[in-house]
Amino acid sequence: MKKPMLTMLVIVGLLFGCIFGYKTITGIMMGRYMASMGSPAVYVSATDVKYYNWQPQMKVAGSLRAVLGVNITTELAGMVRTIHFTPGALVKKDDLLVQLDIDPDTAQLHTLQANAELAAITYKRDAAQFKIHAISKATLDTDAANLKSADAQVAQQAAIIQQKTIRAPFSGRLGISAVNPGQYLNPGDKVTMLQTLDPMYVDFYIPQQAVSAIKAGQVVSIKVDSFPRLKFKGVISTVDPGLDSSVRNVAVEATIPNPKFDLMPGMFASVTVDTGAPIPQLTVPLNAVSFNPYGEVVYIINKVQKNKKK
């Protein structure tokens, strides 16, 4: 039994030895063949590489905000008598928007004005009497106080009428109307929205390590999803003097001209900030760069060899 087993083991060993030997010899021959072939020729289009000024930039996310923007409200309660604005229209400062009912207030103003006129007449008459010592100084002082009180009441009533006359606090574009004629408004109720759209602010944050590269007056450009082919340019107007201690970022505000009203408050913006003077850099076309999992490759021609004609 031992002899046949030994014979079988020898045969199996020789068989595996032949297989491993064949694989080894094949690999050696293949390596020699590949080494003798050399690198394959690569056909490329060549161009001269030149220096161009390259602008250092920083890209961050931002949000658009109106320079001036409020919800128009009423200071005093009252019934809406007349609406003088068109939703979405452009208005100027102090343009009349809404007139509340002021008939009772106007009547009260006329009463107070009559009282003030009577107080003025009384004071003028008593002043003449005081000159000839017909009345005492105390009486004249009382007349003067009554006149001032009457004038103050007139001014107060006129201010009430003014508060019920809602005007635009600044120039801008109006939003959707939230009131109707005959509607009763309470103090603080929204009438409409008013936004100044030209220029616009864009707010963004930069990390602590980039603070030294940002200052007021630097050029910024933004892009928004609504207009992917347009680029809006502006300048940094304000840099906060302190950082947010929770995230170590500083808030930055830039001003962007918006003459066509393309930009709107609340839009998300991709902000690009120029962070220094242009630097000369060697540049190559993008299609000259070959990308692979190990990095980027650019072919450099050191020597041009021309084919000889036969």
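The values are calculated or read from the model by the stated rules, or taken from the named source; none is laboratory data. Quick caveat, the model's predicted, so the values are computed rather than measured. Reconstructed Cβ throughout: ideal geometry from the backbone, glycine too, with neighbour counts over all protein chains shown. Keep in mind that these areas ignore ligands, DNA and RNA; they rest on the heavy atoms of the full protein, side chains included. Shrake-Rupley method; radii C 1.70, N 1.55, O 1.52, S 1.80 Å.
Structure above, values below:
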{"quantity": "Positions within the range 68-90 being part of a loop (DSSP other than H, G, I, E, B), touching a residue at least 40 places away in the same chain (Cβ under 8 Å) and touching a strand residue (DSSP E or B) at 6+ places or on another chain (Cβ under 8 Å), in sequence order", "calculated": "T74, L76, A77, F85, T86, P87, G88, A89"}
{"quantity": "Failed criterion for K137 (all others in (1) modelled with pLDDT of 90 or more; (2) open to solvent by 40 Å² or more (accessible area, probe 1.4 Å); (3) basic (K, R) hold)", "calculated": "(1)"}
{"quantity": "Condition met for R173 (modelled with pLDDT of 90 or more, more than 30 Å from V239 (Cα to Cα) and open to solvent by 50 Å² or more (accessible area, probe 1.4 Å))", "calculated": "no"}
{"quantity": "Selection within the range 178-191 - surrounded by fewer than 18 Cβ atoms within 10 Å (Cβ to Cβ) and either under 19 Å from R81 (Cβ atoms) or in contact with a helix residue (DSSP H, G or I) (Cβ under 6 Å, 6 or more places away or on another chain) (or both)", "calculated": "A178, N180, P181, G182, Q183, Y184, N186, P187, D189, K190"}
{"quantity": "Flag for T275 being within 20 Å of the chain's Cα centre (by Cα) and modelled with pLDDT of 90 or more", "calculated": "no"}
{"quantity": "Sole residue being free of Cβ contacts under 8 Å to residues at least 60 places away in the same chain and either among the hydrophobic types (A, V, I, L, M, F, W, C) or surrounded by 12 or more Cβ atoms within 10 Å (Cβ to Cβ) (or both), chosen from A120, A168", "calculated": "A120"}
{"quantity": "Of all residues making up the range 50-74, the number that are more than 23 Å from the chain's Cα centre (by Cα) and either at positive phi or exposed (fewer than 13 other Cβ atoms within 10 Å of the Cβ) (or both)", "calculated": "5"}
